[in-house]
Amino acid sequence: MRIKVVLAALVLVLIPGTANAAANPYERGPAPTAASVEASRGTFAVTSAAVARQSNFGGGTVYTPTSDLTFGAVAISPGFTATQSSVAHFGPRLASYGFVVITINTLSTWDDPDSRGAQLLAALDYVARTNPRVDASRLAVMGHSMGGGGALRAATSRPTLQASIPLAGWHTTKSWPGIKVPTMLLGGQSDPTAPDSQHSIPFYNSITAAPDKAFLELRGGDHSDPRSDNVTVRKYTLSWLKRFVDDDLRYDQFLCPAPTPNTLISAYKDTCPHA
């Protein structure tokens, strides 16, 4: 029996990636590099499908990796008066790294943050019910502006979510001590609509129950920059989702130790170490 155990251990060591796969069945894609986390696409091919307007959210687009594997799912909401087109770039990019993504339209472009939070959860329930590639135990939300406020509300309403990422989040409620979901807030240093001092920073400071949280401020960024397709947003949103939706410790290196202010980041707060 001991010989069999030793041989099995040798097989795990000799076959590349086998030990990691056994340790974490949710890892998707090759080991990340400094270049890969900032790239425009990952290694998975992606298909997309339109979703008609539903009774509890305004429809949208589902992006799915072409694979027989299952994946965590992410729902993303636009902000006040905006449609899914404003956050559409997240769909194919995140899906190409191994997530099922739904970018949503809201029932009305005027919907408040709490309504957007409910619609994010409805969209997650929709993809979990209709898409066989979705692992319903691994779900996350993102949103811009009032959609970011919706991501906060969704995280409060459903503590089983694996991650929440408000982008230039806006909400009249400033304190969120009930959030237990790992949350990363992205803000713009020069945002006139949702100034970090009135939104993202109070949100971050009030999140005391979550096991992990982070706040990233884009140097010189305005209200739209935290939802833009730039290398900083790419790197940190992907790394946060990979780390907490996929439990992928390979991405810890991009989150801990926390980055120091530089030409792209004016401030960063974090509860490192995540592992």
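The values are calculated or read from the model by the stated rules, or taken from the named source; none is laboratory data. This one's a predicted model, so the numbers in the text were calculated from it and none came from an experiment. Glycine gets a Cβ as well: all are built from the backbone with ideal geometry, and neighbour counts include every protein chain shown.
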I'd like the full set of residues that are farther than 16 Å from GLY150 by Cα, crowded, with 24+ Cβ neighbours inside 10 Å and not acidic (Asp, Glu), limited to region 161-204.
GLY188
Would you confirm whether any residue within region 176-186 is in contact (Cβ under 8 Å) with a residue 60 or more places away in the chain and touching a helix residue (DSSP H, G or I) at 6+ places or on another chain (Cβ under 6 Å)?
yes
Of the criteria (1) outside any helix (DSSP H, G or I); (2) surrounded by 24 or more Cβ atoms within 10 Å (Cβ to Cβ), which one ARG153 fails:
(1)
Residue by residue through region 32-62, note down the ones that are free of Cβ contacts under 8 Å to residues at least 24 places away in the same chain and assigned to a helix (DSSP H, G or I).
SER36
Can you go through GLY58, GLY29, GLY79 and tell me which one is of a type in the set (Gly, Ala, Ser), under 19 Å from the mean Cα position of the chain (by Cα) and surrounded by 20 or more Cβ atoms within 10 Å (Cβ to Cβ)?
GLY79
Within region 95-114, the residues that are crowded, with 19+ Cβ neighbours inside 10 Å and either small (Gly, Ala, Ser) or modelled with pLDDT under 95 (or both) are ALA95, SER96, GLY98
Complete set of residues in region 122-136 that are within 15 Å of ILE76 (Cα to Cα) and buried (at least 21 other Cβ atoms within 10 Å of the Cβ):
ALA123, LEU124, TYR126, VAL127
Strands (runs of 3 or more DSSP E) within region 161-250 that include 1 or more residues more than 22 Å from GLU27 (Cα to Cα) and of a type in the set (D, E, K, R):
213-218
Pull up region 216-232, narrow it to residues that are more than 12 Å from LEU264 (Cα to Cα) and free of Cβ contacts under 8 Å to residues at least 40 places away in the same chain, then point me to the one that is surrounded by the most Cβ atoms within 10 Å (Cβ to Cβ).
SER228
When you check SER239 against the structure, is it touching a residue at least 60 places away in the same chain (Cβ under 8 Å), within 17 Å of LYS269 (Cα to Cα) and hydroxyl-bearing (Ser, Thr, Tyr), yes or no?
yes
Condition test on SER137, is it among the polar types (S, T, N, Q) and not in a strand (DSSP E or B)?
no
Does PRO211 satisfy being over 21 Å from VAL37 (Cα atoms), in contact with an Asp or Glu (Cβ under 9 Å, 6 or more places away or on another chain) and surrounded by fewer than 24 Cβ atoms within 10 Å (Cβ to Cβ)?
no
Working only within region 61-76, note down all residues that are within 19 Å of the chain's Cα centre (by Cα) and either farther than 24 Å from LYS235 by Cβ or crowded, with 20+ Cβ neighbours inside 10 Å (or both).
VAL62, TYR63, THR64, PRO65, THR70, PHE71, GLY72, ALA73, VAL74, ALA75, ILE76
